Amino acid sequence: MDFTEKTLESTSIFEGKIIKLRIERVALPDGREGSREIVDHRGAVAVVALDEVGDIILVRQYRKALERTTLEIPAGTLEDCEDPLACAKREMAEEIKMKAARWEKILEYYSAPGFCNEILHLYLARDLSASFAETDADEFLEIVKIPLATAYKYIFEGKIVDGKSIIGIQHAYLALRGKSL
């Protein structure tokens, strides 16, 4: 069966700094019509930054959409036409004041494909050293360094709750468990 939904009409309802919202009227596979609310996003990156002893460097920040403070891996939105690895390096310098000599792309995935086209590029960064870039003017972050095993445990204790951090930490923990860095 062909599950494709043909767009009959697309209406832009909002264009912001980070996202655009549109409503699409679609022809469903069975011939009926439906409506889809879609969030357009340029894409983003996230970085699992591990130091020489296996500690992970995270950021604590307030997330207005959740009305709470979260503990996350460094991340950020791609600029127009920006290379994902270049963005990852920029975000790491801005958020945790570090750079890495070794980079490995873990994977890329769609964060919420039911309503959003954001693709997230996830990296592992190692052989860290100090760096510096200005944090975005509207970002207030605390840098937190903890053992990777503790971060892994925090996932199951509900202390780390966002998808990119959960995926990145689980990947790093399972891939590196029992191996020296």
Just to check I understand the Karplus step: with θ = phi - 60° and J = 6.51 cos²θ - 1.76 cosθ + 1.60, what whole-Hz values come out for region 17-29, glycine and proline as x?
5, 10, 10, 10, 10, 9, 10, 10, 8, 10, 8, 7, x
Relative to the present Cα-Cα distance, how much length would full extension add between Phe132 and Val144 at 0.36 nm per residue of separation?
2.7 nm
Gain on full stretching of the segment that runs from Asp40 to Ile19 - 0.36 nm per residue minus C-alpha separation
7.0 nm
Per residue, in Å², the accessible surface of region 1-128 once ligands and nucleic acids are set aside, probe 1.4 Å:
56
Output wanted: per-residue J couplings in Hz (rounded whole) for region 59-76, from phi through Karplus 6.51 cos²θ - 1.76 cosθ + 1.60, θ = phi - 60°, x for Gly and Pro.
10, 9, 8, 7, 10, 4, 4, 9, 6, 7, 8, 10, 10, 9, 6, x, 7, x
Scan the chain and hand back the longest stretch that contains none of the GluC sites (Glu not before Pro) lying in DSSP loops with at most 16 other Cβ atoms within 10 Å.
83-133
Of the trypsin sites (Lys or Arg not before Pro) in region 62-159, those whose Cβ has at most 11 other Cβ within 10 Å and which sit in DSSP loop:
Lys64
To the nearest 20 debye, what is the magnitude of the charge dipole of the chain about its Cα centre, counting +1 on the Cβ of each Lys and Arg and -1 on the Cβ of each Asp and Glu?
600
Mean-square fluctuation check for the chain, GNM, Cα pairs under 10 Å: which of Thr135, Thr11, Thr77 is largest?
Thr11
What are the ³J(HN,Hα) couplings of region 3-16, residue after residue, when phi is run through the Karplus curve with 6.51, -1.76, 1.60 and θ = phi - 60°? Round to Hz, x for glycine and proline.
8, 4, 10, 7, 6, 9, 7, 10, 10, 6, 10, 6, 10, x
Based only on the alpha carbon positions, what is the Kirkwood hydrodynamic radius of the chain, in angstrom?
17.9
Going through region 1-38, which trypsin sites (Lys or Arg not before Pro) have at most 13 other Cβ atoms within 10 Å and a DSSP loop state?
Lys17, Arg32
Summing -39500 (n - 2.57) over every DSSP H run of at least 4 in the chain, dividing by its residue total and rounding to the nearest 500, the 222 nm mean residue ellipticity is -6000 deg cm²/dmol
For a quick check: with amide H placed at 1.01 Å from N, whose amide H comes under 5 Å from Glu118's, ignoring anything fewer than 5 positions away on the same chain?
His41, Ser111, Ala112
Checking the table Lys105/Lys164; Lys89/Lys153; Lys20/Lys164 against a 25 Å threshold on Cα-Cα, which pairs fail?
Lys89/Lys153
So what are the three principal axis dimensions of region 93-181 from its Cα atoms, in whole Å, longest to shortest?
39, 38, 26
Which whole-number percent is the relative contact order of the chain (Cα, under 8 Å, 6+ apart)?
22
Ignoring ligands, DNA and RNA, what percent of the 1.4 Å accessible area of region 39-181 is carbon and sulfur?
54
Region 60-85 to region 8-59: how many Å between their Cα centroids?
14
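The values are calculated or read from the model by the stated rules, or taken from the named source; none is laboratory data. What you see is a predicted model; the values in this text were computed from it and never measured. Positions of Cβ are generated from backbone atoms using ideal geometry, with glycine treated the same way; all protein chains shown enter the neighbour counts. We work out accessible area using only protein heavy atoms, side chains counted, and drop any ligands, DNA or RNA first. Shrake-Rupley method; radii C 1.70, N 1.55, O 1.52, S 1.80 Å.
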